[in-house]
Amino acid sequence: MKAFYAEISKLLSLPGIWLALLIGALAPAVVAALDSLAQKEDILAGVSTRLPEVGYIGLGFGIQGVIILGVLAVSSEFRTESSEGAGGQQISTSLMVVSSRLQLFLAKAVAVSVISILLCILAVILIVPTTRYILGDYAPLLEWTRLAGAVCYWTFTALLAFGLTLLTKQGMIPLTVLMINSSLVSFSVLLAKVTKLAFYLPDRAGLEMFMFTKDGVAPAATGSVFDSYHTPVTGGLIMFAWVAVLLGTAAIVFHRRDVAA
Amino acid sequence: MSVSSGRKTIRVLRAELDKLMTLPWTWTAVTVTFLVHLLLTAAFTSASLQEGAAVPEILNTGLASMSYLQAGFIILGILAACSEYTGGQIRTTLTVIPWRGRQLFMKHLALTLITIPAALILTASGVLYAGWRLGGHAAGVEPHEIIQALLGATGYLTLTTLLSAAVGALLRRTLPALVILLGYYFIISPWSRGLLPAYFPDTAGRYMYLPPSSGELNILTPVQGAGIVMIWTMSLVAIAIVFYRTRDA
């Protein structure tokens, strides 16, 4: 428990975290507002095909916040200080205080998850009045099951970022890969055009948890990016499997690897 | 020993080139970008082969991965600027080269010298690959169109690298610079396309390499696009130099 509090306090004292929290909390509402404004006329006329996505699309992009959170949680530990500061790394201090590596790993993973869950809930709380204000009675109903899916998606993504950074020990590669992949030009969307296997990639499968409803399935002819492929539960399980495998690998590597190497 | 000003400048340039060439990350970034680019081009090519119905265009397919490719060059630019600030190298640099404006300018010049060949090889390999795979199916392309598109793409990537280096020099830290630039190029800009006028560095830059017959509304000519990106890059480099001269290292 003490290790967990320590991780929370370490995380919240990082300067970069405030950027992450700001993006995670505000970006979804802003994106949802822009999207609602852009679609308002179509929705009022009843011709919009994207009504079920309107509020949720922000949650798909606010994910940037938790990606930064997961990456920073690890990369800050491995940042090498200047040679004038004896070239130390925070991780050696952390391991001296919490001598069990597994305990440190778990404490950090739990801290990242808890902050992501809270952040996602905050983002949802901000989205609801925003869409209500712009669309009035036409605002899509935010269902609990889909919102729970969104919370899972955020937490899993944060954990993926956390595990990837633990493997690479620096933030640049995971940050680049994950940020590009969660943008409009995602690798998985591109790969899905080539092979059906791409639907089993973690982000594509994870989005199924909340982005696509059954009645929102577009006919295949439209070629929409957001065609549903799995059921929400299967999508969640696939993403969870990825997270479990990645975190397992990261835990083993972290347990066995020399810190200074 | 007194050295003439021109000789001094050349020495600074050589020192900056040396530093960039020996930075392991430079080569990692370029190599990884190259491999990812080939993979993506392969994916785009087979996707456009599968779509079948429409006649695929070699240039469009070969340059389709440009939007991903720029990430590698953004990283290259940020690393060139921010690597000075890890481990206190900046103090050594400034002790040896106390002319700050000239030093930062020469760093950008050295970066340009490295980026231009790298970007040219990368873009040309993509177009070559697409041309080879699509050979029989594609619509014909004039050689001068290919050359123009390749020059535009190379110029765009080089200017993007320089812009990232300037932002990196302003922020002095790798991760925040990376978050801001990737966030802009990959999240904010694609989202706001259509809302904002085409005067931002990436939207204007698209006109530098996209072939004019792509069916979209062409607001800018390639030269206008290049001019706009150049103005953005130049002003950011200038701002970076002004701050660099006055700020405590």
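Since every read-out is calculated from the coordinates, none of them should be taken as a lab result. Keep in mind that this is a model prediction, so the values were computed, not measured. Neighbour counts are summed over all protein chains in view; Cβ atoms, including those assigned to glycine, are modelled from backbone coordinates with ideal geometry.
In straight Cα distance, which lysines are under 19 Å from A:Lys2, not counting same-chain residues fewer than 8 positions off?
Output for A:Lys2: A:Lys10, A:Lys108.
Put a dot 7 Å past each Cα toward the Cβ at A:Lys196 and B:Ala42; how far apart are the dots in nm?
Taking the two extended label points, one gets 2.2 nm.
Give me the lysines in straight-line cross-link reach of B:Lys19: C-alpha distance below 23 Å, same-chain residues under 8 apart excluded.
Result set, ordered by chain and number: B:Lys8, B:Lys107.
Which log10 I(q)/I(0) values does the stretch A:1-127 give at q = 0.12, 0.20 Å⁻¹ under the Debye formula, counting every alpha carbon as one identical point scatterer?
With no solvent term, the Cα-only Debye profile gives -0.57, -1.05.
Excluding residues fewer than 8 places away in the same chain, name every one of the lysines whose C-alpha is closer than 29 Å to that of A:Lys196.
Partners found: A:Lys214.
With a point put 7 Å past each Cα toward its Cβ, work out how far B:Met234 is from B:Leu49 in nm, to one decimal.
For B:Met234 paired with B:Leu49, the spin-label model returns 4.5 nm.
Which whole-number percent of Cα pairs in chain A have a distance greater than 24 Å?
Details: 16811 of 33930 pairs.
Percent of Cα pairs beyond 24 Å in chain A: 50.
Using the Karplus equation 6.51 cos²θ - 1.76 cosθ + 1.60 (θ = phi - 60°), what ³J(HN,Hα) coupling, rounded to whole Hz, does each residue of the stretch A:233-244 give in order, writing x for Gly and Pro?
5, 4, x, x, 5, 4, 5, 4, 4, 4, 4, 4
Can you give the charge dipole size of the stretch A:74-154 about its Cα centre, rounded to the nearest 20 debye, using +1 on the beta carbon of Lys and Arg and -1 on the beta carbon of Asp and Glu? The partial results should precede the final answer.
Working: 5 positive and 5 negative charges, 35 e Å.
Dipole magnitude for the stretch A:74-154 comes out near 160 debye.
Of B:Ala198, B:Ile241, B:Ser67, which is farthest towards the positive pole of chain B's charge dipole, taken about the Cα centre with +1 and -1 on the beta-carbons of Lys, Arg and Asp, Glu respectively?
B:Ile241
D for the stretch A:109-191, whole µm²/s, Stokes-Einstein with Kirkwood Rh over alpha-carbon pairs at 20 °C and 1.002 mPa s: what number? Mind showing how you got there, number by number?
Details: Rh = 14.7 Å.
After rounding, the answer is 146 µm²/s.
Treat each spin label as a single point 7 Å out from the Cα along the C-beta direction, and report the A:Trp18 to A:Val185 distance in nm.
Roughly 3.2 nm, to one decimal.
Name the residue, out of A:Gly62, A:Gly87, A:Gly236, whose mean-square fluctuation peaks in a Gaussian network model built on chain A with Cα pairs under 10 Å.
For chain A, modelled as a Gaussian network with Cα springs under 10 Å, the answer is A:Gly87.
Taking a cut-off of 29 Å, what percent of all Cα-Cα pairs in chain B are separated by more than that? Don't skip to the end; give the middle numbers.
Numbers: 10282 of 30876 pairs.
Taking all Cα-Cα pairs of chain B, the fraction more than 29 Å apart is 33 percent.
Which value at 222 nm does the protein assembly as shown reach when only helices count, each DSSP H run of 4 or more adding -39,500 (n - 2.57), with the total divided by all residues and rounded to the nearest 500 deg cm²/dmol? Walk me through the numbers before you get to the answer.
Details: 22 runs with 367 residues, N = 510.
Here the helix-only value at 222 nm equals -24000 deg cm²/dmol.
Express the C-alpha Rg of the protein assembly as shown as a ratio against the empirical globular expectation 2.2 N^0.38 Å, rounded to two decimals. If you can, show how the numbers build up before the last one.
Details: Rg = 24.0 Å, N = 510, 2.2 N^0.38 = 23.5 Å.
Rounded to two decimals, the normalised Rg is 1.02.
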